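Everything on this sheet refers to the single structure shown next.
The values are calculated or read from the model by the stated rules, or taken from the named source; none is laboratory data. All figures in this text were calculated on a predicted structure; none of them were measured in a lab. Remember, those area values only see protein heavy atoms, side chains included, never the ligands or the DNA or RNA. Shrake-Rupley method; radii C 1.70, N 1.55, O 1.52, S 1.80 Å.
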Amino acid sequence: MAQNSQGIQTLLEAEKDASKIVTKARQYRVQRLKDARAEAQKEIELLKAEKNKEFASIESTYSGSNDDSFLKINADTDKKIVEISDAYKLNKDLVIARILANVVAVEPK
């Protein structure tokens, strides 16, 4: 019986050892999953920061050109207004004279 009892004791110790190994493997797997998630989160944050920088760069490039275009359009508009105003001042008297000449010179038919 002692031998039988010793065999059972050996099996129980082997079962405890196997249980410890399985527990360690589970803990290791859980830790690896946590580490992988943390690493993925870091990579996501880095990628997000990089894309935000790219977006800011593109946005500043195009918004700057819009401001330049806006200033150019305003300058062109001011120039056209000055040209039209000068043409008005130059031709105002001539147009008034032609209108008066046609109004005064009525020829009944």
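Side notes on the structure shown:
- One residue from Thr61, Thr10, Thr23 being open to solvent by less than 90 Å² (accessible area, probe 1.4 Å) and at pLDDT 95 or above: Thr23
- Val95 of a type in the set (A, V, I, L, M, F, W, C), at pLDDT 90 or above and assigned to a helix (DSSP H, G or I): yes
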